[in-house]
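Structure record follows, encoded as structure tokens.
Bear in mind these aren't lab numbers, they're just calculated from the coordinates by the rules spelled out. Model, not experiment: these values are computed from the prediction. Cβ placement follows ideal geometry from the backbone for every residue including glycine, while neighbour counts extend to all protein chains displayed.
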Amino acid sequence: MMTQQGQRLLLISHHNSYRIASYIKAARRLGLSVTIASQGEHSLVSEVADGLHLNFDDIESALTAIKREHTLNSFSGILGSDDQTVQLAAQAAKALHLPHNPPQAAQYSQRKDLARHQLALADCPVPTHCLINLNQPLKKQMLDLPWPCVLKPLNMSASRGVIRVNNKNEFISACERLKNIISTSPDEFEQSHILVEDYIDGIEIAYEGFLHEGMLNTITTFDKPDPLTGPYFEETIYVTPSSLDATLQQTIKEVIQSACRVYGLKTGAIHAECRIDNNDKVWILEIASRTIGGDCARMLDNENFGVEELAISLAINQPIDVTMPEQARGVMMLPIKEKGLLKRVEGLLEANRIKHIDKVDVIINAGHELVPLPEGNQYLGYIFASAETPEQVTSAIREAYAKLKFVTAPIFKIT
């Protein structure tokens, strides 16, 4: 592993992000020191408490603080840990003349409506779509909608608030439900508007890659063996390498490369979600200037490579080599099926004993309230597997999941 002695990374992150530890570990492997920029002045995590404390709601003051710190001890690169911090990271890196994407490009990877608009203007393949104002009467806004269609918040993750509807009655019911879901958004426009787009019938894949000097490089393509047909779209199994033929995988890469150019993205990790219809046409659902989310990134780890190390190396413009595990690998994000208070998880020992299972990791503790989609945005944990073939991986994950039982208790609200 190469080292960058004397160089310093600024990691902009929410103080409670699960990704901080992975990025600190990766930076140290590369020989960089790390400063955490967050709003966690009183965090119990020493790296956060001792870091740079910013007000994410006041961009100008945040940039001023970063510039001041840079004059005292310069940064070699700046990185945002997730969707909510990539735009500030891009603005700060631009101000300090460090490798960066245009801040507007980073915003496109967060706001679904802005992204769809830009891609449609450039004739990139995105579903037919429109904005709906939930504060206005719905009857006129429904007139020319395609059925079925998919309703989405403008800026939420983990499939939260994403609902398929098949007719006008379902549409009205879903809009009422979404009003409550998006009411917590910090942005006034996002509190009142949703994206509605044509439902694309077909399979779904995820793409992991990176940009260097504007050119897209593939890390891997993930198949999603479980059909995602709605009404909600909980992610479950990702498996790699993909079973799609080489020609179709090349088309996926070309479509994503074109979208990156439209956004103006030039460097850094790229995570994309696409639908492939029955005619093998590739449709863009999401392009994000970040690595794959959650602990899913762990299935790509090996002795010489990790996605966090790659992201850091690109932030300092010294990209490392990408190496993929020799075996097929997969992960299942354990969905929350019903609302309640988690009491215990049964069958963990049996699930871990299944052949090809590497780890069953439940990340939500007993006593935690479980909220399923579309209101929720969490997973219970992950099942990791590796084997000679993707089929063996998928089969092992399904067998392990069948061993698990999540015991819950009802929640009673006192009014």
Give me the mean projected area, in nm² to one decimal, of the convex hull enclosing the Cα positions of region 297-415. 10.0 nm²
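Multiplying the sequence separation of V407 and D201 by 0.36 nm and subtracting their Cα-Cα distance, what value in nm do you get?
Difference between extended and current length: 70.7 nm.
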Give the order of V165, V371 when sorted by the count of other beta carbons within 10 angstrom, beginning with the fewest. V371, V165
Under the definition of Cα pairs under 8 Å and six or more residues apart, what whole-number percent is the relative contact order of the chain? 14 percent
The exposure ranking of M215, M142, fewest beta-carbon neighbours within 10 Å first, is M215, M142
At 7 Å along the Cα-to-beta-carbon direction for both R29 and S157, put a label point, then send me their distance in nm to one decimal. 2.0 nm
Subtracting the Cα-Cα distance from 0.36 nm times the residue separation, let me have the gained length for K337 to H212 in nm, one decimal. 41.0 nm
Relative contact order of region 173-227, pairs being alpha-carbon contacts under 8 Å that are 6 or more residues apart, as %: 23 percent
Taking the beta-carbon count within 10 Å as an exposure proxy, list E308, E369 from fewest neighbours to most. E369, E308
So what is the relative contact order of region 17-127, in percent, for Cα pairs below 8 Å that sit 6 or more residues apart? 13 percent
In Å and whole numbers, how far do the C-alpha atoms of region 130-240 stretch along each principal axis, longest first? 46, 29, 24
With only alpha-carbon pairs counted, each pair once and no self-pairs, how large is the Kirkwood hydrodynamic radius of region 91-176 in angstroms? 15.1 Å
Ranked from highest to lowest mean number of other Cβ atoms within 10 Å per residue, what is the order of the peptides 242-253, 264-275? 264-275, 242-253
